[in-house]
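To keep things clear, I will list the structure first and then write my remarks on it.
The values are calculated or read from the model by the stated rules, or taken from the named source; none is laboratory data. In this text, all values refer to a predicted model and were calculated from it rather than measured experimentally. Positions of Cβ are generated from backbone atoms using ideal geometry, with glycine treated the same way; all protein chains shown enter the neighbour counts.
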């Protein structure tokens, strides 16, 4: 809210204030050149006389008349205070981030590896959101909620940093991950419910297959953006041996057909990320497509002030009339 300011609704009337100095000049000239009907050869006999209070205040009626004129002119210009402000309405989005944390996410076709690249980009995505509730679901052979829907992005990002492969049974239960995300979003009252599913493999675990889970999401009006992570061909994967970590190239097997079907069923979109840069661009594109709706209504309110100026003018006029009718009344 901005503070109030004073303005005039009809400022053209203020030009009439130029009449006041003209009237002063006319008044001064009129009294300077006035002459008495009685002529005296000398003023010495009156040298000891002091002017009476009435004579000293003889210009007060004219001064009051000028004050009345000035106050009326200002009142006609309609001074008023104006307050500016705006009402901001935001309609947030509920977003469930569903992330694959299976062992294959340690492949190093991304830097430093897929899981760390995914975590970094997810945190940057969160930094760009406002007024949106965001939650985190992770899955491998099983799925669980790492962070429920929240507006506390600091806590959410801290929980993302703690995610790593090996904290649950290995495998790729994409369907279970989607189902867990649906549980987070199904009670949402927002108009836009979004799931971002990131995986690098093929569904091979879980009681619910990905297509069935996506059909359930569809019934709740949840839109799913799917991201397939992995380079084309083979990727270096670290293997622990008695002699330390050795790398071997493993085939990259992203079930693009299923991920495309999931996105199609829920009116989302499928993306393929083959390196850190493309993954970041994908999240930026999702961010642009799922913007929080913000409505800003500007308003201006006025408070009229001319009543006070007009009242002061009437009081000054009343005083002038009283003085002219009493103290400064001219004898017939």
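Each row is one residue, and each column tells you yes or no for (1) modelled with pLDDT under 95; (2) assigned by TED's automatic domain parsing to the domain that holds residue 124; (3) more than 21 Å from residue 105 (Cα to Cα).
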{"site": "188", "(1), (2), (3)": "yes, yes, yes"}
{"site": "191", "(1), (2), (3)": "yes, yes, yes"}
{"site": "219", "(1), (2), (3)": "no, yes, yes"}
{"site": "234", "(1), (2), (3)": "no, yes, no"}
{"site": "237", "(1), (2), (3)": "no, yes, no"}
{"site": "255", "(1), (2), (3)": "no, yes, no"}
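For the range 120-155, give me each residue that is assigned to a helix (DSSP H, G or I) and closer than 18 Å to residue 194 by Cα.
Within the range 120-155, the first condition is being assigned to a helix (DSSP H, G or I), and the residues that meet it are 120-127, 153-155.
Selection gives 121, 122, 123, 124, 125, 126, 127, 153.
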Evaluation of residue 216 against (1) more than 28 Å from residue 278 (Cβ to Cβ); (2) assigned to a loop (DSSP other than H, G, I, E, B); (3) over 32 Å from the mean Cα position of the chain (by Cα) (one fails), failing number:
(2)
Filter the range 193-203 down to residues that are in a loop (DSSP other than H, G, I, E, B) and crowded, with 18+ Cβ neighbours inside 10 Å and give me whichever is modelled with the lowest pLDDT.
201
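Looking only at the range 180-208, which residues are closer than 10 Å to residue 143 by Cβ and touching a helix residue (DSSP H, G or I) at 6+ places or on another chain (Cβ under 8 Å)? Step through it out loud before you land on a result.
Of the residues in the range 180-208, the ones closer than 10 Å to residue 143 by Cβ are 180-181, 183, 205-206, 208.
Answer for the range 180-208, where residues must be closer than 10 Å to residue 143 by Cβ and touching a helix residue (DSSP H, G or I) at 6+ places or on another chain (Cβ under 8 Å): 181, 205, 206, 208.
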Pair list, Cβ under 6 Å, 6 or more apart: the range 157-184 residue assigned by TED's automatic domain parsing to the domain that holds residue 204, other residue surrounded by fewer than 14 Cβ atoms within 10 Å (Cβ to Cβ):
171/204; 172/204
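Can you tell me which of 91, 108, 116 is surrounded by fewer than 21 Cβ atoms within 10 Å (Cβ to Cβ), modelled with pLDDT under 95 and more than 30 Å from residue 310 (Cα to Cα)? Even if it seems obvious, please write down each step before you answer.
On the way: 108 fails: modelled with pLDDT under 95; 116 fails: modelled with pLDDT under 95.
So the residue among 91, 108, 116 that is surrounded by fewer than 21 Cβ atoms within 10 Å (Cβ to Cβ), modelled with pLDDT under 95 and more than 30 Å from residue 310 (Cα to Cα) is 91.
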Scanning the range 156-180 for residues that are farther than 17 Å from residue 95 by Cβ and in a loop (DSSP other than H, G, I, E, B) gives 162, 164, 165, 166, 167, 168, 169, 170, 171, 172, 173
Would you please list the contacts, defined by Cβ atoms under 9 Å and residues six or more apart or on different chains, that run from a residue in the range 1-12 that is at negative phi and surrounded by fewer than 11 Cβ atoms within 10 Å (Cβ to Cβ) to a residue that is modelled with pLDDT of 85 or more and not in a loop (DSSP other than H, G, I, E, B)?
6/79
If residue 37 satisfies every condition in (1) assigned to a loop (DSSP other than H, G, I, E, B); (2) at pLDDT 80 or above but one, which is the exception?
(2)
Count of residues meeting criterion [within 37 Å of the chain's Cα centre (by Cα) and over 23 Å from residue 93 (Cα atoms)] in the range 229-259:
1
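Tally the residues that are part of a helix (DSSP H, G or I) and over 23 Å from residue 235 (Cβ atoms), restricting the search to the range 264-295. Lay out the reasoning, then the answer.
Going through the range 264-295, the residues part of a helix (DSSP H, G or I) turn out to be 264-265, 276-289.
Retained after the next criterion (residues that are over 23 Å from residue 235 (Cβ atoms)): 264-265, 284-289.
Of the residues in that region, 8 qualify.
Does residue 274 count as in contact (Cβ under 8 Å) with a residue 12 or more places away in the chain and within 36 Å of the chain's Cα centre (by Cα)?
On the way: in contact (Cβ under 8 Å) with a residue 12 or more places away in the chain: yes; within 36 Å of the chain's Cα centre (by Cα): yes.
Yes: the conditions hold for residue 274.
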Taking the range 1-34 only, how many residues are at pLDDT 55 or above and farther than 27 Å from residue 69 by Cβ?
1
Restricted to the range 288-320, and to residues that are within 22 Å of the chain's Cα centre (by Cα) and surrounded by 14 or more Cβ atoms within 10 Å (Cβ to Cβ), which residue is modelled with the highest pLDDT?
290
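Given the structure, is residue 206 part of a loop (DSSP other than H, G, I, E, B), at positive phi and either in the same structural domain as residue 165 (by TED's automatic domain parsing) or surrounded by fewer than 24 Cβ atoms within 10 Å (Cβ to Cβ) (or both)?
Numbers: part of a loop (DSSP other than H, G, I, E, B): yes; at positive phi: yes; either in the same structural domain as residue 165 (by TED's automatic domain parsing) or surrounded by fewer than 24 Cβ atoms within 10 Å (Cβ to Cβ) (or both): yes.
Taking the combined requirement at face value, the residue satisfies it.
Can you tell me how many residues in the range 158-179 are surrounded by fewer than 23 Cβ atoms within 10 Å (Cβ to Cβ) and either closer than 23 Å to residue 123 by Cα or in contact with a helix residue (DSSP H, G or I) (Cβ under 6 Å, 6 or more places away or on another chain) (or both)? Break it down stepwise before answering.
First, the residues of the range 158-179 that are surrounded by fewer than 23 Cβ atoms within 10 Å (Cβ to Cβ): 158-171.
Subset that is either closer than 23 Å to residue 123 by Cα or in contact with a helix residue (DSSP H, G or I) (Cβ under 6 Å, 6 or more places away or on another chain) (or both): 158-168, 170.
Final tally of qualifying residues: 12.
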